[in-house]
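Below: the structure, in structure tokens.
The values are calculated or read from the model by the stated rules, or taken from the named source; none is laboratory data. Keep in mind that what you see is a predicted model, and the values were worked out from it rather than measured. Neighbour counts are summed over all protein chains in view; Cβ atoms, including those assigned to glycine, are modelled from backbone coordinates with ideal geometry. Remember, those area values only see protein heavy atoms, side chains included, never the ligands or the DNA or RNA. Shrake-Rupley method; radii C 1.70, N 1.55, O 1.52, S 1.80 Å.
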Amino acid sequence: MATTSEHVDLRDDLIRLVTSRLLDPLEILLPQADLVGLRSSVAADAEMWAAQLLGDDPGLARQVAIRLMTVLYPGDAPFDPPDTWWSTPLGRVTARRAGHPSKEGVSFGVAGAMLGITRQGVHDLVSRHKLSRHPGGGVSVASIRARLDHRREL
């Protein structure tokens with residue numbers, strides 16, 4: 001169950017991202033456009049997205065996370081965020097609900113960022129079979145998600 005502060009932090013992060021990545025550029029391109037209604041919609045929708053991302057329906061949470069990644073981080077290459085992104089409210093919930101948006105296996109460093117622990121901590125978890133190695137190298141994203149779900153249940 002998500003805490004109120006987790007929900008508020010995620011909602012505020014979503015409002016900030018949608019505003020800075022979508023509405024602000026639109027305002028620059030279309031200075032005469034009335035974006036007041038859109039800004040109100042973003043606030044209401046961010047509340048809903050946060051509830052869906054943190055809610056009881058894992059399929060819906062995964063869909064919302066992937067849809068947000070696709071819109072907020074467009075590009076020709078797969079989304080591969082910097083390690084620091086995983087410590088943001090959206091990064092934390094994405095790791096838990098959808099895993100890495102474009103990879104099935106990640107390096108020990110990325111795994112640590114997704115889990116909020118050091119690279120050495122990842123090595124320890126792999127050696128204790130708490131995380132699985134990916135056949136292509138690094139750590140399985142599925143095992144990271146399972147670990148995050150297990151930690152959340154405790």
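Taking only Cα atoms and a 10 Å spring cutoff, compute GNM fluctuations for the chain and point out the largest among L29, L38, L60.
Evaluated over the chain, the most mobile residue of the options is L29.
How much accessible surface area, in Å² rounded to 10, belongs to the heavy atoms of M48 with a 1.4 Å probe?
About 80 Å², rounded to the nearest 10.
Just add up the charged neighbours of S132: K/R +1, D/E -1, any other residue whose Cβ is under 13 Å from the Cβ of S132.
With Lys, Arg at +1 and Asp, Glu at -1, the neighbours total +4.
What is the percent of Cα-Cα separations in segment 50-100 that go past 13 Å?
55 percent
If the chain between L29 and D45 were fully stretched, how many nm would it gain, using 0.36 nm times the residue separation less the Cα-Cα distance?
3.4 nm
Mind listing the Cα extents of the chain along all three principal axes, in Å, largest one first?
59, 34, 24
For segment 1-63 and segment 133-154, compute the distance between their C-alpha centroids and round to whole Å.
About 27 Å separates the Cα centre of segment 1-63 from the one of segment 133-154.
Using a 1.4 Å probe, what is the accessible area per residue for segment 42-110, in Å²?
48 Å²
List the residues whose amide H sits under 5 Å from the amide H of R133, counting only those 5 or more places along or on another chain, with H placed 1.01 Å from N in the peptide plane.
Amide H neighbours of R133, under 5 Å, 5+ apart: S140.
Once Rh is set to the Kirkwood radius over Cα pairs, what Stokes-Einstein translational diffusion coefficient, in µm²/s, holds for segment 14-63 at a temperature of 37 °C and a viscosity of 0.692 mPa s?
It comes out at roughly 274 µm²/s.
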